[in-house]
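The values are calculated or read from the model by the stated rules, or taken from the named source; none is laboratory data. Because the structure is a prediction, the values reported are computed rather than measured. No Cβ is skipped: glycine too gets one built from the backbone with ideal geometry, and neighbour counts run over all protein chains shown.
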Ligand SMILES: Cc1cc2nc3c(=O)[nH]c(=O)nc-3n(C[C@H](O)[C@H](O)[C@H](O)COP(=O)(O)OP(=O)(O)OC[C@H]3O[C@@H](n4cnc5c(N)ncnc54)[C@H](O)[C@@H]3O)c2cc1C
């Protein structure tokens with residue numbers, strides 16, 4: 001049967017052949033997992049996603065969520081599958097055991113999540129959002145808070161959220177006005193209004209634990225005066241049973257472009273002056289604590305973009321194999337020649353290979369990130385821990401935004417492959433495109449990720465982390481140069497990495513000069529140039545591995561797969577990477593027009 005949602009053969013290639021994740025499994029932390037158990041987990045996850053979640057995706061889109069007097073109802077069909085996910089503990093596969101999870105390595109959690117997200121992101125997200133809340137409670141909570149909340153959240157018995165955004169505090173979280181006043185028993189009374197809160201209210205879990213950013217009366221303005229509070233929907237008694245309803249209510253839900261089955265809620269805290277919150281961690285450390293959750297969510301958002309892209313690509317390539325339209329170009333003048341599948345047409349092939357190159361590159365990049373994260377976690381060497389931890393941190397804005405944006409572009413191109421049918425609701429590609437758009441907006445927009453990369457990340461440790469990153473690319477390029485047929489690709493990637501180093505230096509200096517605004521106007525193109533370079537690196541790496549496998553006389557069914565890897569690298573490096581070179585020229589050119597144009601000059605007045 002044709003692959004759906006995520007290409008299992010490709011996942012296996014990345015995990016076992018490219019990144020050699022069997023190494024990770026050797027660590028005692030993962031002693032319960034070996035390649036065989038991992039294979040079984042993925043087979044089961046895939047089956048559940050395709051059989052139970054995917055059939056509800058369009059239904060969730062059509063029905064959406066319903067709001068009535070503070071109550072939010074998800075589509076009825078979600079309840080049964082939520083229970084299935086919960087009972088199978090699919091929602092906490094990579095959550096550490098001590099938090100109530102299964103303790104699987106991150107790459108397996110990601111591989112299973114690719115299926116669940118691509119099959120029905122909205123439904124799966126209801127079951128997993130509690131993990132992020134649990135994570136920060138586990139890191140910063142008192143023993144009592146941990147005991148009360150963590151395992152209920154990771155078991156998806158209770159839902160979790162994150163309450164940052166307010167109508168006048170979106171990207172600028174520091175502008176928030178939700179206030180907290182200390183009570184005599186050590187708790188706080190909160191008052192304020194939050195908007196756009198994912199899963200802020202729903203009927204799938206018996207309780208919801210809200211981590212809320214607020215400012216304690218009298219604390220300084222901006223992010224440094226923000227604290228974090230746990231605000232349960234229902235209070236939790238000491239014996240774990242649920243008590244009274246807290247004064248936090250959903251006052252409405254958004255009508256959205258996509259992800260219709262996901263509840264995006266306005267939340268009112270303290271309308272009866274009785275919203276009680278409990279400080280998590282120390283006062284004024286709210287942003288620092290919340291970032292532990294945000295960074296996790298940024299990875300998940302990248303994965304969301306990639307999962308949609310993968311699913312849309314597979315739909316497109318399967319459609320292209322079946323849809324008969326037009327004669328083969330070689331029979332153009334022969335009216336008696338049979339019509340062929342559209343996959344025979346050069347432009348469709350180009351488009352499919354364009355999509356495949358991004359999907360493959362993004363998948364390798366995402367799993368590379370999970371590998372870095374795991375290596376930093378399990379290594380005994382302080383040096384390695386620092387190296388992989390720093391790399392992970394520097395590349396997080398790229399995983400977040402590049403995968404979101406390219407994921408969306410892939411979904412749009414998938415619509416193109418379907419022609420008119422792609423623009424209708426008959427196929428999921430148009431839903432994937434609508435649903436995917438959010439990924440470059442929430443958890444920090446594209447512009448915010450670009451600023452993070454330029455202002456904070458590329459200069460980390462005086463640029464040493466960036467240099468290490470380039471060193472990793474050079475290693476792959478050197479390997480490629482030694483492989484017959486890949487030499488030219490290796491040189492091109494090497495040159496691109498060198499150029500990226502120069503451009504990073506240039507934009508970094510611009511950002512610190514009196515022309516800093518011009519530098520920041522080029523920050524997002526820089527993020528994309530860096531993302532493109534990573535794609536080229538990952539695809540070249542794949543080609544190196546595939547060449548080795550081909551030299552070892554693989555099984556017949558694998559030959560086309562491995563040859564496909566080499567063609568994909570060739571395509572990306574020879575047709576997309578030259579565009580990256582143009583992007584880099586533009587950044588180095590330092591055009592200041594976007595800064596110099598007057599506000600009136602934008603027209604439309
Ligand atoms: C479906 C959905 C779900 C969401 N879920 C949650 C949630 O669960 N919890 C939560 O707290 N929030 C949530 N959000 C809110 C989301 O994180 C914000 O919408 C996002 O951070 C952007 O804030 P904003 O909408 O106020 O846009 P603004 O901050 O007004 O930004 C508008 C534009 O200006 C740009 N911009 C703003 N400031 C700068 C700057 N300093 N430099 C450069 N560019 C800038 C942005 O990049 C953007 O393009 C959700 C939003 C949506 C739509």
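Total residues in region 63-76 satisfying the condition of being farther than 16 Å from residue 206 by Cα and buried (at least 16 other Cβ atoms within 10 Å of the Cβ): the figure is 5.
Given the criteria buried (at least 23 other Cβ atoms within 10 Å of the Cβ), under 17 Å from residue 532 (Cα atoms) and in contact (Cβ under 8 Å) with a residue 40 or more places away in the chain, does residue 410 qualify? Before you say what the answer is, go through the steps one by one.
Numbers: buried (at least 23 other Cβ atoms within 10 Å of the Cβ): yes; under 17 Å from residue 532 (Cα atoms): yes; in contact (Cβ under 8 Å) with a residue 40 or more places away in the chain: yes.
Taking the combined requirement at face value, the residue satisfies it.
Any chance you could count how many residues in region 78-97 are assigned to a helix (DSSP H, G or I) and touching a residue at least 40 places away in the same chain (Cβ under 8 Å)? If you could, list the steps in order and put the result at the bottom.
Restricting attention to region 78-97, the residues satisfying the condition of being assigned to a helix (DSSP H, G or I) are 78-87, 90-92, 97.
With the extra rule that they be touching a residue at least 40 places away in the same chain (Cβ under 8 Å), the set shrinks to 78-79, 81-82, 85-86, 90-92.
Result for region 78-97: 9.
Within region 157-182, the set of residues being within 7 Å of the ligand (Cβ to nearest atom) and touching a residue at least 60 places away in the same chain (Cβ under 8 Å) comprises 162, 163, 164, 171. You will find that of 453, 377, 428, the residue that is out of contact with any strand residue (DSSP E or B) (no Cβ under 6 Å at 6 or more places or on another chain) and within 23 Å of residue 94 (Cβ to Cβ) is 377 and no other.
From the list 335, 296, 345, which one is surrounded by fewer than 24 Cβ atoms within 10 Å (Cβ to Cβ) and under 24 Å from residue 25 (Cβ atoms)? Spell out the reasoning first.
Numbers: 335 fails: under 24 Å from residue 25 (Cβ atoms); 345 fails: under 24 Å from residue 25 (Cβ atoms).
Matching residue, one of 335, 296, 345: 296.
Being touching a helix residue (DSSP H, G or I) at 6+ places or on another chain (Cβ under 7 Å), part of a strand (DSSP E or B) and touching a residue at least 24 places away in the same chain (Cβ under 8 Å) is a condition met by no residue of region 267-274.
Every residue, every condition in (1) within 13 Å of the ligand (Cβ to nearest atom); (2) buried (at least 18 other Cβ atoms within 10 Å of the Cβ); (3) without any contact (Cβ under 8 Å) to a residue 12 or more places away in the chain; (4) outside any loop (DSSP other than H, G, I, E, B), yes or no:
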site: 184; (1), (2), (3), (4): no, no, yes, no
site: 190; (1), (2), (3), (4): no, yes, no, yes
site: 200; (1), (2), (3), (4): yes, yes, no, no
site: 210; (1), (2), (3), (4): yes, yes, no, yes
site: 214; (1), (2), (3), (4): yes, yes, no, yes
site: 218; (1), (2), (3), (4): no, no, yes, no
site: 221; (1), (2), (3), (4): no, no, no, no
site: 224; (1), (2), (3), (4): no, no, no, yes
site: 227; (1), (2), (3), (4): no, yes, no, yes
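Test residue 415 against the criterion of being more than 24 Å from residue 295 (Cα to Cα), in contact with a strand residue (DSSP E or B) (Cβ under 8 Å, 6 or more places away or on another chain) and away from the ligand (no atom under 16 Å from the Cβ), and give yes or no. No: the conditions fail for residue 415. Answer yes or no as to whether residue 254 is under 26 Å from residue 425 (Cα atoms) and touching a strand residue (DSSP E or B) at 6+ places or on another chain (Cβ under 6 Å). For residue 254, the condition - under 26 Å from residue 425 (Cα atoms) and touching a strand residue (DSSP E or B) at 6+ places or on another chain (Cβ under 6 Å) - is met. Does residue 539 count as within 27 Å of the chain's Cα centre (by Cα) and over 25 Å from residue 448 (Cβ atoms)? Answer is yes for this residue. Tally the residues that are closer than 17 Å to residue 234 by Cβ, touching a strand residue (DSSP E or B) at 6+ places or on another chain (Cβ under 7 Å) and surrounded by fewer than 20 Cβ atoms within 10 Å (Cβ to Cβ), restricting the search to region 124-172. Residues meeting the conditions: 1.
Kindly evaluate residue 138 against the criterion of being modelled with pLDDT of 95 or more, assigned to a helix (DSSP H, G or I) and within 16 Å of the ligand (Cβ to nearest atom). In short, no. Taking residue 49 as the residue in question, decide whether it is within 21 Å of the chain's Cα centre (by Cα), modelled with pLDDT of 95 or more, surrounded by 15 or more Cβ atoms within 10 Å (Cβ to Cβ) and not in a helix (DSSP H, G or I). In short, no.
Every condition in (1) assigned to a helix (DSSP H, G or I); (2) within 20 Å of the chain's Cα centre (by Cα); (3) within 30 Å of residue 353 (Cα to Cα) holds for residue 292 except the one numbered (3).
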